[in-house]
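Undergrad: Take a look at this one; I'll ask things after.
The values are calculated or read from the model by the stated rules, or taken from the named source; none is laboratory data. No experiment lies behind these values; they were computed from the predicted model shown. Please note: Cβ atoms are built from the backbone with ideal geometry, for glycine as well, and neighbour counts cover all protein chains shown.
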């Protein structure tokens with residue numbers, strides 16, 4: 001074999017070696033690609049299954065809380081299903097609340113009410129509703145904002161009894177804006193605070209001030225005071241705090257004999273005190289009455305102190321009412 005033939009043989013051997021090398025590399029690359037695709041498809045399928053399962057659990061929880069029965073709805077959200085649907089509709093139409101791609105309005109409101117009703121933490125809500133903490137926080141504030149925007153519907157602007165009123169029940173109370181009273185709602189507080197929250201009926205309560213119009217619509221609500229606080233003290237706080245209860249000079253609310261008879265608050269003559277045996281209140285939210293409801297130049301009552309003029313006003317009113325009754 002001459003030199004040229006040997007060179008050709010070496011070239012053929014080298015070529016064959018390169019071909020084998022490239023073949024092996026291609027096989028390895030193809031195997032890796034096939035394995036990667038298989039793993040990727042498996043992860044995607046697992047993610048789809050996981051998302052589907054998670055959504056199913058979310059809807060199942062909402063079904064049990066909201067749609068199953070009034071008993072469970074009241075237990076979790078402190079209102080029945082009809083009231084819940086009406087609230088969702090109000091927040092949507094008046095408050096501008098809108099659902100997102102993944103969270104319905106009903107779920108937003110349910111999370112919001114659950115937090116308020118049971119004073120639970122974000123971590124509890126995200127576990128129950130199977131949501132992230134950021135999602136819970138974001139939608140809570142969205143519902144809160146919508147609720148504030150509904151203040152004109154939830155809180156009525158006070159309207160005084162007119163001079164020419166013919167309503168037999170209210171015609172004597174000219175310029176009266178409504179009535180107010182305190183009610184006690186049972187609460188759970190730390191043991192160290194129980195003495196302050198113990199009412200005169202030995203119950204652990206918070207003293208809530210409710211102000212209503214003549215047609216039983218809420219004008220103002222103040223909660224948070226201890227059950228041991230006197231009604232008069234709660235009222236003083238309401239008329240002196242920022243965005244509190246506003247009583248323009250010349251107008252007044254009807255109160256019971258537990259309050260002082262003074263300008264802005266007309267109390268009956270003292271006699272046998274009558275009270276409800278049970279409190280109908282269900283909530284302890286503080287609903288602030290907006291300053292926009294009163295003119296900027298209106299002078300409001302800021303003290304609760306009896307005066308001779310107001311005492312005489314009550315005497316004259318009682319005399320006129322008695323004379324009218326006797327003449328009939």
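Undergrad: In this structure, does residue 113 turn out to be under 11 Å from the mean Cα position of the chain (by Cα) and surrounded by 19 or more Cβ atoms within 10 Å (Cβ to Cβ)? Quick ask: steps written out before the conclusion?
TA: Numbers: under 11 Å from the mean Cα position of the chain (by Cα): yes; surrounded by 19 or more Cβ atoms within 10 Å (Cβ to Cβ): yes.
For residue 113, the condition - under 11 Å from the mean Cα position of the chain (by Cα) and surrounded by 19 or more Cβ atoms within 10 Å (Cβ to Cβ) - is met.
Undergrad: Condition first: part of a helix (DSSP H, G or I), within 29 Å of residue 189 (Cα to Cα), without any contact (Cβ under 8 Å) to a residue 24 or more places away in the chain and touching a helix residue (DSSP H, G or I) at 6+ places or on another chain (Cβ under 8 Å). Can you find one or more residues in segment 93-110 that meet it?
TA: No, there is no match, as no residue in segment 93-110 is part of a helix (DSSP H, G or I), within 29 Å of residue 189 (Cα to Cα), without any contact (Cβ under 8 Å) to a residue 24 or more places away in the chain and touching a helix residue (DSSP H, G or I) at 6+ places or on another chain (Cβ under 8 Å).
This table checks each residue for (1) touching a helix residue (DSSP H, G or I) at 6+ places or on another chain (Cβ under 9 Å); (2) modelled with pLDDT under 55; (3) loosely packed, with under 14 Cβ neighbours inside 10 Å.
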| residue | (1), (2), (3) |
| --- | --- |
| 238 | no, no, no |
| 243 | yes, no, yes |
| 280 | no, yes, yes |
| 294 | no, yes, no |
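Undergrad: In segment 261-278, which residues are part of a loop (DSSP other than H, G, I, E, B) and modelled with pLDDT of 90 or more?
TA: Hits for segment 261-278 are 261, 263, 264, 267, 268.
Undergrad: Say we look at segment 137-172 and pick out the residues that are over 19 Å from residue 220 (Cα atoms) and touching a helix residue (DSSP H, G or I) at 6+ places or on another chain (Cβ under 8 Å); which of these is modelled with the lowest pLDDT?
TA: Just the residues of segment 137-172 that are over 19 Å from residue 220 (Cα atoms), to begin with: 137-143, 162-172.
Next, only the ones that are touching a helix residue (DSSP H, G or I) at 6+ places or on another chain (Cβ under 8 Å) stay: 137, 139-140, 142-143, 172.
Values: 137: 94, 139: 94, 140: 95, 142: 95, 143: 95, 172: 89.
Filtering first and then ranking leaves 172.
Undergrad: Is it fair to say residue 129 is in contact (Cβ under 8 Å) with a residue 24 or more places away in the chain, closer than 25 Å to residue 208 by Cβ, in contact with a helix residue (DSSP H, G or I) (Cβ under 9 Å, 6 or more places away or on another chain) and crowded, with 17+ Cβ neighbours inside 10 Å? Before you say what the answer is, go through the steps one by one.
TA: Working: in contact (Cβ under 8 Å) with a residue 24 or more places away in the chain: yes; closer than 25 Å to residue 208 by Cβ: no; in contact with a helix residue (DSSP H, G or I) (Cβ under 9 Å, 6 or more places away or on another chain): yes; crowded, with 17+ Cβ neighbours inside 10 Å: yes.
Here the answer is no, as residue 129 does not meet what is asked.
Undergrad: Restricting to segment 193-223, count the residues that are under 14 Å from residue 181 (Cβ atoms) and either surrounded by 13 or more Cβ atoms within 10 Å (Cβ to Cβ) or at pLDDT 90 or above (or both). So that I can check it myself, show each step before the final result.
TA: Initial filter on segment 193-223 (under 14 Å from residue 181 (Cβ atoms)): 207-213, 216, 218-223.
Those still in the list that are either surrounded by 13 or more Cβ atoms within 10 Å (Cβ to Cβ) or at pLDDT 90 or above (or both) too: 207-213, 218-223.
So the answer is 13.
Undergrad: Something else: Consider residue 184 carefully, then state whether it is modelled with pLDDT of 90 or more, assigned by TED's automatic domain parsing to the domain that holds residue 299 and under 30 Å from residue 120 (Cα atoms). Give the derivation first.
TA: Details: modelled with pLDDT of 90 or more: yes; assigned by TED's automatic domain parsing to the domain that holds residue 299: yes; under 30 Å from residue 120 (Cα atoms): yes.
Yes: the conditions hold for residue 184.
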